[in-house]
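The values are calculated or read from the model by the stated rules, or taken from the named source; none is laboratory data. Since we're looking at a predicted model, the values are computed, not measured. Here the Cβ positions follow ideal geometry from the backbone for every residue, glycine too, while neighbour counts run over all protein chains shown.
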Amino acid sequence: MTASRIQHLIPAIIVLAVAAIVTWLSFTQQPAQAFLFPRLISVAFIILAFWNFSRAALGQSKVGGGVSAESFINLMPGLVVMSIYAFFAAKWLGFYCASFAAFLTIYSIYDPVPLSSMKDWGKRVFITAVFMAVIYGLFSLLLKVQTPRGLFF
């Protein structure tokens, strides 16, 4: 077995194991209605993880260049915001408030328009509000997903 194949096989095994755990958890938790969306996502997740694993095991994975230091530095602010959101804010503030704040923050960080432009702040807030309306309609109304409740809602 070549180093390239092992380089792809180890992460593929880890991802497949995580997918299996997530799928198992989504199908064993109650109430069943609250886990409809996680079940749909976990089934897609395990199918893609198994496909990734099989490609890695057969040596069909292409070797990539990886993430450069410059790209990683550019991604760090977004990763920090998403880590704070996932580990603290969603539970403390509530899913929708924290999602609004995280989306607006990431949008503002990566938007090339200067932060001093008030017109563009209105655009950012409007796009974030529309995005959150779609997320609310999808999760709460269509899929009936129970989202984390927090300080606000």
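Some notes on this structure:
- Total residues in segment 121-147 satisfying the condition of being in contact with a helix residue (DSSP H, G or I) (Cβ under 9 Å, 6 or more places away or on another chain) and either over 30 Å from Ser26 (Cα atoms) or not in a helix (DSSP H, G or I) (or both): the figure is 9.
Yes/no matrix, rows are residues, columns are (1) out of contact with any helix residue (DSSP H, G or I) (no Cβ under 6 Å at 6 or more places or on another chain); (2) modelled with pLDDT under 90:
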residue: Ile6; (1), (2): yes, yes
residue: Pro11; (1), (2): yes, yes
residue: Gln29; (1), (2): no, yes
residue: Ile46; (1), (2): no, no
residue: Ala56; (1), (2): no, yes
residue: Ala69; (1), (2): yes, yes
residue: Leu79; (1), (2): yes, no
residue: Phe88; (1), (2): yes, yes
residue: Ser99; (1), (2): yes, no
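- Listed by position, the helices (runs of 4 or more DSSP H) contained in segment 1-111 that have at least 2 residues being surrounded by 12 or more Cβ atoms within 10 Å (Cβ to Cβ) and β-branched (Val, Ile, Thr) are 3-28, 36-57, 69-84, 95-110.
- Of note, Leu58 satisfies the criterion of being free of Cβ contacts under 8 Å to residues at least 24 places away in the same chain and closer than 30 Å to Phe27 by Cβ.
- Search result, residues across segment 120-153 that are small (Gly, Ala, Ser) and modelled with pLDDT under 80: Gly150
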